[in-house]
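To start, the structure under review is shown below, and the notes come after it.
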Amino acid sequence: MPPWIWKAVIVFWLGFLGTILIRYAYDRLFSLLILVLVSLFLSLAIEPGVTRLERRGWRRGRATLVILLALVVAVIVFIVAIGTLVATQVADLLQNSERYVNRTVNFLNDTFGAQINPDKVNESIQDPDGPVQEFIRNQQDEALQLSVTALGLLLQGFSVMLFTFYLVADGPRLRRSICRRLAPTRQRRVLDTWDLAIDKTGGYLYSRALLAGASAFVHWIAFQSLGTAAPVALAIWVGLISQFIPVIGTYVAGVLPVVLTFIDSPIKALVVILVIVLYQQFENFLVAPRITARTMEIHPAVSFGSAIAGAALLGPVGAVLALPVAAMAVALAAASGERHELIDNHLVVVSEKKARPERNSERTRGKRLRLRRGRGR
């Protein structure tokens with residue numbers, strides 16, 4: 001046999017064993033990888049705020065800790081408000097189930113001409129061997145598992161905050177240690193990419209926060225007018241969930257207010273559905289294009305596809321992180337390469353209203369390029 005065959009066999013088996021080890025390590029460290037990605041996203045998001053506080057004389061570690069604590073407090077207040085609302089409504093539903101069933105059955109009979117007997121429905125609900133009572137018992141049995149899951153999520157959240165704190169508080173030291181091993185031209189490229197990542201992540205959160213605030217305000221007015229229980233908490237829920245969960249966020253956010261309103265009045269529930277659908281159309285065509293054109297320069301098809309790809313790779317976390325990653329990729333691709341004058345063709349003609357954000361983005365890119373060239377000099 002030729003002498004190279006033995007080397008080829010050794011390389012093949014080493015590659016095979018290495019692939020098995022990498023796959024095993026990936027399966028074991030997948031949760032850690034998710035925590036690191038979320039921590040990196042949060043560190044890029046709060047970096048501008050920490051930098052501003054540092055310029056005002058704050059120590060970097062204290063500024064990072066204050067921002068993270070404010071974020072934790074906001075999340076806890078939001079979860080407690082929504083949890084209290086849901087628990088109160090569930091307790092009221094269990095105590096007054098007969099009254100709600102009679103109201104719902106009468107609405108169905110009067111509206112759709114159904115012939116449903118409310119007494120039989122109440123008997124089936126109160127039947128100890130019926131499906132409703134069996135479902136309630138099963139949920140009581142899952143209380144321990146739910147507590148364990150909540151404890152695991154709490155530990156994961158603490159780990160994310162700890163990673164984020166060290167990434168931000170020691171950010172300059174980390175960047176110095178990375179750049180020391182690179183040539184000056186690569187150092188400039190790495191720092192420009194890092195700066196662009198901070199800019200795009202901050203732009204993503206800024207645009208989402210503005211859209212969430214607008215959505216919460218409009219839905220608060222609607223819920224307050226309808227007399228819905230806890231209109232502020234429900235409006236904040238709709239605003240945050242609809243904006244920070246891509247693609248299906250609006251439908252997920254609308255389930256809770258519709259269900260809680262349906263318990264009180266089916267007519268009001270239909271009005272809530274109508275308000276959510278109409279506002280979504282208003283946001284898609286008027287509000288969102290104006291905000292995202294100034295903060296995240298990314299095509300809607302790219303954002304939709306990136307959200308689906310992120311969800312397929314990393315689940316819900318990947319769907320949330322996909323948009324800023326896609327924005328950074330688009331910005332890097334746009335900043336690299338040469339640009340040429342467009343030829344005169346009807347396929348590249350854009351209306352005046354849509355062309356304005358593009359011209360603003362071109363001006364912003366020109367300013368960034370001039371700033372980077374000045375830094376390079």
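Do we find a residue being over 15 Å from the mean Cα position of the chain (by Cα), surrounded by fewer than 21 Cβ atoms within 10 Å (Cβ to Cβ) and at pLDDT 85 or above anywhere in segment 247-257? Among the residues of segment 247-257, at least one is over 15 Å from the mean Cα position of the chain (by Cα), surrounded by fewer than 21 Cβ atoms within 10 Å (Cβ to Cβ) and at pLDDT 85 or above, which makes the answer yes. Looking at segment 22-34, can you tell me whether even one residue there is part of a helix (DSSP H, G or I) and surrounded by 14 or more Cβ atoms within 10 Å (Cβ to Cβ)? Yes - at least one qualifying residue is present in segment 22-34. With respect to the conditions (1) closer than 30 Å to residue 324 by Cβ; (2) modelled with pLDDT under 85, residue 236 lacks only one, and its number is (2).
Filtering 155, 210, 146, 174 for residues that are at pLDDT below 90 and assigned by TED's automatic domain parsing to the domain that holds residue 323 leaves a single hit, 210.
Taken together, 107, 158, 163 contain a single residue that is under 30 Å from residue 46 (Cα atoms), in contact with a helix residue (DSSP H, G or I) (Cβ under 7 Å, 6 or more places away or on another chain) and among the aromatic types (Phe, Trp, Tyr), which is 163.
Taking each residue of segment 113-141 that is within 16 Å of residue 91 (Cα to Cα) and looking for partners that are modelled with pLDDT of 75 or more and β-branched (Val, Ile, Thr) with beta-carbon atoms closer than 9 Å, six or more apart or interchain, yields 125/101; 132/125; 133/125. Counted as qualifying within segment 168-277 are no helices (runs of 4 or more DSSP H), as none has 3 or more residues that are among the aromatic types (Phe, Trp, Tyr), under 30 Å from residue 65 (Cβ atoms) and free of Cβ contacts under 8 Å to residues at least 40 places away in the same chain. Looking across segment 162-191, just one residue is more than 30 Å from residue 72 (Cα to Cα), surrounded by 15 or more Cβ atoms within 10 Å (Cβ to Cβ) and charged (D, E, K, R), and that is 188. Within segment 43-58, residues that are in the same structural domain as residue 162 (by TED's automatic domain parsing) and assigned to a helix (DSSP H, G or I) have Cβ atoms under 9 Å from residues that are surrounded by 16 or more Cβ atoms within 10 Å (Cβ to Cβ) and among the basic types (Lys, Arg) in these pairs: 44/200; 50/60; 51/60; 53/60; 54/60, counting only partners at least 6 apart in sequence or on another chain. Considering (1) of a type in the set (Val, Ile, Thr); (2) surrounded by 11 or more Cβ atoms within 10 Å (Cβ to Cβ); (3) assigned to a helix (DSSP H, G or I), the lone condition that residue 116 does not fulfil carries the number (3). Of the residues making up segment 178-212, those that are of a type outside the set (A, V, I, L, M, F, W, C) and more than 15 Å from residue 330 (Cα to Cα) number 12. Taken across segment 34-42, residues that are outside the structural domain of residue 312 (by TED's automatic domain parsing) and over 20 Å from residue 319 (Cα atoms) do not occur at all.
The values are calculated or read from the model by the stated rules, or taken from the named source; none is laboratory data. Just so it is clear, the structure is predicted and the values come from calculations on it, not from any experiment. With ideal geometry, Cβ positions are generated from the backbone for all residues, glycine too; neighbour counts draw on all protein chains shown.
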